[in-house]
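Structure first, commentary second.
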Amino acid sequence: MSGLRDDEPPTDDGFVTYVRKRLPHPLLRRWPDEAEPLSSAFGYRRTANIRRRYDLPGRRRAGFLAAGDALCTFNPIHGQGMAVAAMSAVVLRETLSGPRRIPTTRCVQKALPAASRQAWGISAGSDRSMPGAVGSALASGPADRVAGWYLRRVLERYPGDPVVGTAFRSVLGLCAPVTSLFAPSVARAVLLRPPMPTPAEPPTSPEEPGA
Ligand SMILES: Cc1cc2nc3c(=O)[nH]c(=O)nc-3n(C[C@H](O)[C@H](O)[C@H](O)COP(=O)(O)OP(=O)(O)OC[C@H]3O[C@@H](n4cnc5c(N)ncnc54)[C@H](O)[C@@H]3O)c2cc1C
């Protein structure tokens, strides 16, 4: 469960009430009644996105390698960190098994940021509009404004439009590149179709939109 400032989930007895209030459908609201708690609720309040640029000149020490959260930490609300840690491990494996017999720290540290680039764009990009947000990710140019306009149309359509919804969820889950949001079928729906109403009921089979 997550909530913005002044609406954070409580970690005391109020937690279950909060869960019931926030879950949008009776099917989901049943869950806290039937679930058995394994522990008390824990809170986590550090939501900064932090990227350390060890790939830049003068910022790396030979023999020292940073990956996963040590290189790039995300606001956990976006659920990106484990996927990025796994993708970093794949980049590390590929770099270490490259044709050079002993890859330098520089070569490995320069390859690693690719694993977190998309997740960083999603996390830092979404959090830019949070009230009181500060940091280098706030800087934006004309291209960001056009992308922001397009993304707002995606967000209006993804809950009800199966084409936009499938593409958007694949990008959020880091299973597809951001460019797939501009594929012709998705762009047509985003630019030409009005938003479809969000289904009132959750999908009950994999074939239904949103499943
Ligand atoms: C509340 C919360 C919710 C999250 N939800 C999601 C989610 O839904 N999906 C998702 O993908 N990611 C999520 N994440 C992010 C994810 O947990 C991290 O991105 C991921 O665990 C990073 O892996 P890591 O191996 O880089 O670091 P870690 O998992 O932090 O591992 C580092 C390890 O190093 C150990 N260590 C530290 N210092 C030393 C030392 N000096 N000597 C020896 N050992 C040391 C630590 O004890 C730890 O075990 C969430 C994070 C938080 C905080």
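The values are calculated or read from the model by the stated rules, or taken from the named source; none is laboratory data. Note that the coordinates shown come from a computational prediction; the quantities given were computed from them, not determined experimentally. Virtual Cβ from ideal backbone geometry, glycine too; neighbours counted across all protein chains shown.
Odds and ends about this structure:
- For the range 190-206, a residue qualifies if it is touching a residue at least 12 places away in the same chain (Cβ under 8 Å) and more than 23 Å from residue 153 (Cβ to Cβ), and the qualifying residues are 201, 202.
- Residues (assigned to a loop (DSSP other than H, G, I, E, B) and not hydrophobic (A, V, I, L, M, F, W, C)) located in the range 158-193: 158, 159, 160, 161, 173, 177, 193
- Candidate set from the range 33-59 (those that are of a type in the set (Asp, Glu) and in a loop (DSSP other than H, G, I, E, B)); member that is farthest from residue 5 (Cα to Cα): 55
- Answer from 145, 106, 152 - the residue that is among the charged types (D, E, K, R) and in the same structural domain as residue 71 (by TED's automatic domain parsing): 106
- Residue check, residue 116 assigned to a helix (DSSP H, G or I) and of a type in the set (Ser, Thr, Tyr): yes
- Note on the range 67-86: residues that are more than 7 Å from the ligand (Cβ to nearest atom), buried (at least 18 other Cβ atoms within 10 Å of the Cβ) and among the hydrophobic types (A, V, I, L, M, F, W, C) amount to 2.
- When residues of the range 145-157 are limited to those that are in contact (Cβ under 8 Å) with a residue 12 or more places away in the chain and not hydrophobic (A, V, I, L, M, F, W, C), the one surrounded by the most Cβ atoms within 10 Å (Cβ to Cβ): 157
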